[in-house]
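Enquirer: Shown below is the structure under consideration.
The values are calculated or read from the model by the stated rules, or taken from the named source; none is laboratory data. From a predicted model like this one, the values you see are computed outputs, not experimental measurements. Every residue, glycine as well, gets a Cβ built from its backbone with ideal geometry; the counts of neighbours run over all protein chains shown.
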Amino acid sequence: MACLAVNIDHVATIRQARGINEPDPVLAAGLAELAGAEGIICHLREDRRHINDRDLRLLRQTVKTKLNMEMAAEKEIIGIAIETKPDLVTLVPEKREELTTEGGLDVKARIDYYLNVTKKLQDSGIEVSFFVDPDPAQIEAAHRCGADIVEIHTGHYSEALSESEAKKRFILIAKAIEIATTLNLSISAGHGLNYVNVKRFKVLSQIKEYSIGHSIVSRAVLVGFERAVREMVQLVKDF
Ligand code: PXP
């Protein structure tokens, strides 16, 4: 049986669009847990475009399931992770100009560096996950660096423009998972998964956790919209 970890970055993105204090991603995390999520994920980016230091601090104090801090393996952020002690970190590549994480980490290009970062984090009691493309070489590299978990990047699959392309990309994911299983890595998957394209993953029982954000926040806006409007209608009606 797999579980869901909810990425709450986009709740913070909506807050940042106004530069005020709502909606609060910390409250969203609590609601996600009440609804059965078994983990909360937030990405503290170098430019703090959505989640900020205050959010991370409060999430550490309030998350009762498992706090997964997504991050670039950069000095400042590694320091914050070691100080905050999330349950796990997911190492991702990060570019200032990107709208969202665009691909998996190129672990094999910097084995010694990531080996060192992994050890530092694990020595502080933090589990380490590597966000990688469904590429055997990257999975093997993550294993060589001492990863506890690999999160397989499902973004290319999610973006496939035809059924045949989606099938091809899904097969790559399935093959990558076989390799990760052989290496005894714990397996997660995420990026771009929604209420339709996630269904295909039912056959991949080796995946322990799904990391999903955007589609949940998008759906929340729509399924919650009618109620929110009704409540405001009621409020002004009584004036
Ligand atoms: N996993 C990783 C490593 C990510 O960077 C993201 C996006 O923040 C997700 C999962 C969730 O992706 P989405 O928001 O498309 O569900």
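Enquirer: In the range 215-234, is there at least one residue being within 17 Å of the chain's Cα centre (by Cα) and not in a helix (DSSP H, G or I)?
Expert: no
Enquirer: Name the residue that is nearest to the chain's Cα centre (by Cα), counting only residues in the range 180-193 that are surrounded by fewer than 19 Cβ atoms within 10 Å (Cβ to Cβ) and assigned to a helix (DSSP H, G or I).
Expert: The selected residue is Thr181.
Enquirer: Additional query: Filtering the range 185-239 down to residues that are charged (D, E, K, R) and in contact (Cβ under 8 Å) with a residue 40 or more places away in the chain, which residue is nearest to the ligand (Cβ to nearest atom)?
Expert: Glu209
Enquirer: Between Asp123, Asp87, Asp135, which is of a type in the set (D, E, K, R) and crowded, with 19+ Cβ neighbours inside 10 Å?
Expert: Asp135
Enquirer: Given the options Gly79, Gly36, Gly19, Gly30, name the one that is farther than 23 Å from His153 by Cβ, modelled with pLDDT under 95 and more than 16 Å from the ligand (Cβ to nearest atom).
Expert: Exactly one of Gly79, Gly36, Gly19, Gly30 is farther than 23 Å from His153 by Cβ, modelled with pLDDT under 95 and more than 16 Å from the ligand (Cβ to nearest atom), namely Gly19.
Enquirer: Any idea how many residues of the range 122-161 are within 16 Å of the ligand (Cβ to nearest atom), in a helix (DSSP H, G or I) and of a type outside the set (Phe, Trp, Tyr)?
Expert: Residues that pass the stated criteria total 6.
Enquirer: Same structure again: Would it be correct to say that Ala109 is over 16 Å from the mean Cα position of the chain (by Cα) and part of a helix (DSSP H, G or I)?
Expert: Criteria met by Ala109.
Enquirer: Please find, among Lys167, Lys208, Lys199, the residue that is more than 29 Å from Ala12 (Cα to Cα) and among the basic types (Lys, Arg).
Expert: Lys167
Enquirer: Would you call Ala176 crowded, with 19+ Cβ neighbours inside 10 Å and not in a helix (DSSP H, G or I)?
Expert: No; evaluated as a whole, the condition is false for this residue.
Enquirer: Quick one: is Ala147 farther than 30 Å from Ala28 by Cβ and more than 15 Å from the chain's Cα centre (by Cα)?
Expert: no
Enquirer: Sticking with this structure for a sec: Restricting attention to the range 53-71, does a residue exist that is modelled with pLDDT under 95 and loosely packed, with under 14 Cβ neighbours inside 10 Å?
Expert: Within the range 53-71, none of the residues are modelled with pLDDT under 95 and loosely packed, with under 14 Cβ neighbours inside 10 Å.
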